[in-house]
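Report on one structure; see the data block that follows.
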């Protein structure tokens, strides 16, 4: 399916992400197009990591969508809040938000499709099953789903405009002395987000094939200091992959259980995931009315972790 478009005036960062946002398409489909050499900017073959150029003409051959997630009624589903046009569900740790490939099972979107089949047709990429955003598989908490296409578009626009309130709780290594803001840009390399604190780091990472650094802002505040750890409330304005995990590790306080960013020292026997929970989500409902704020309680495994570390 060939698509032609001009990148919007606000396009920035990596070309693959800017294209996915402009097309309302899944990033996996856009990534596949780049891998196949099927993306051209001004008539020349482009790379996924190229910087987005506002107004540039783009041609892209996208594979046909792989279809909606199969309903999975055996998977549990906890709905935190809902309206006729959206619902917020409580994602358990260990479950991906939606499948990454056709006919792949075991996702939150499959659990949603079993109880709310209308969500399957709401997202631009049916594979996402109506999910407006996603969490890492190891992260628990609030995930927003749309129940119709217009609602999905309106809610996605709020994420793009950075007006959605996203609050997390994280258990980190060490006693964090005070709150603050980390705004170090992040570049993607090898399935990780890498902090880029200065131009020298940017040049070094670019030489190794990393993508262009993206702006990222993480605000953090200690909530409870434990013997050798801290429970931290985190608010993010941007939504870069692994942003919280990468920024907290950069600050010297990696998330407990997050070996990808904290290394062997972050491992904690008996903890099967990283200790990060999406505790609150705030947005304007597409049907109008007062702003919605939904909270997810800290799950039992993280409550037990706090008792253990106190």
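The values are calculated or read from the model by the stated rules, or taken from the named source; none is laboratory data. Here the structure is a predicted model, which means the values were calculated and not measured. As a convention, Cβ positions derive from the backbone with ideal geometry for all residues, glycine included, and neighbour counts pool all protein chains shown.
Scan the helices (runs of 4 or more DSSP H) fully inside the stretch 219-310 and keep the ones with 2 or more residues being over 23 Å from the mean Cα position of the chain (by Cα) and farther than 24 Å from residue 186 by Cβ.
Numbers: elements: 243-250, 259-262, 300-309.
Where helices (runs of 4 or more DSSP H) fall fully within the stretch 219-310 and carry at least 2 residues being over 23 Å from the mean Cα position of the chain (by Cα) and farther than 24 Å from residue 186 by Cβ, they are 300-309.
Answer with yes or no whether residue 305 is in contact (Cβ under 8 Å) with a residue 12 or more places away in the chain, farther than 30 Å from residue 14 by Cβ and buried (at least 21 other Cβ atoms within 10 Å of the Cβ).
Numbers: in contact (Cβ under 8 Å) with a residue 12 or more places away in the chain: yes; farther than 30 Å from residue 14 by Cβ: yes; buried (at least 21 other Cβ atoms within 10 Å of the Cβ): yes.
In short, yes.
From the list 167, 181, exactly one residue is farther than 20 Å from residue 85 by Cα and either touching a residue at least 40 places away in the same chain (Cβ under 8 Å) or in a loop (DSSP other than H, G, I, E, B) (or both). Which is it?
Result: 167 is the single residue among 167, 181 that is farther than 20 Å from residue 85 by Cα and either touching a residue at least 40 places away in the same chain (Cβ under 8 Å) or in a loop (DSSP other than H, G, I, E, B) (or both).
Of all residues in the stretch 210-225, count the ones that are within 22 Å of residue 280 (Cβ to Cβ) and surrounded by fewer than 21 Cβ atoms within 10 Å (Cβ to Cβ). Give the steps one after another, and end with the answer.
The first filter runs over the stretch 210-225 and keeps only residues within 22 Å of residue 280 (Cβ to Cβ), leaving 216-225.
So of that shortlist, the ones also surrounded by fewer than 21 Cβ atoms within 10 Å (Cβ to Cβ) come out as 217, 219, 221-225.
So the count comes out to 7.
Of all strands (runs of 3 or more DSSP E) completely enclosed by the stretch 27-145, which ones contain at least 3 residues that are out of contact with any helix residue (DSSP H, G or I) (no Cβ under 6 Å at 6 or more places or on another chain), modelled with pLDDT of 95 or more and not assigned by TED's automatic domain parsing to the domain that holds residue 7? Step through it out loud before you land on a result.
Working: elements: 39-41, 57-61, 79-83, 86-91.
Filter on the stretch 27-145 gives 79-83, 86-91.
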